[in-house]
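One structure below.
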Amino acid sequence: MTIPRSNVIRLYKDLLKYSKTLKYTDKSYYLNQVKKEFTENKNLTSSEEISYHFRRGENFLKNKRLL
């Protein structure tokens, strides 16, 4: 399954917006980690890897924690 670029960008923006709701987490650390993950994975070509990381981000937002 190929994830459209617009969905990835939306996920990125949603993850950044989520930082505004954080209370007990270092916001700058969280933002740096999100940016780092997206930067490290921006050159992925395998649809399986892209789908894995996309689902991972969606699950984080859904559950409000890392899985």
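Where a number appears in this text, it was derived from the coordinates with a stated rule and is not lab data. Quick caveat: nothing in here was measured; it's all calculated off a predicted structure. Neighbour counts run over all protein chains shown; Cβ positions are idealised from the backbone, glycine included.
Brief remarks follow.
- Evaluated with a Cβ-only charge set (Lys, Arg +1; Asp, Glu -1), segment 5-62 carries a dipole of roughly 340 debye about its Cα centre, given to the nearest 20.
- Since only 33, 18, 54 are under comparison, the one whose Cα sits farthest along the positive direction of the charge dipole of segment 5-62, derived from C-beta charges on Lys, Arg, Asp and Glu, is 18.
- Helix-only mean residue ellipticity at 222 nm for the chain, each DSSP H run of n ≥ 4 adding -39500 (n - 2.57), per residue, nearest 500: -22000 deg cm²/dmol
- Read-out Rg/Rh (Cα atoms, Kirkwood Rh), derived from the coordinates shown; its label in [x] 0.94; [y] 0.96; [z] 1.15: [y]
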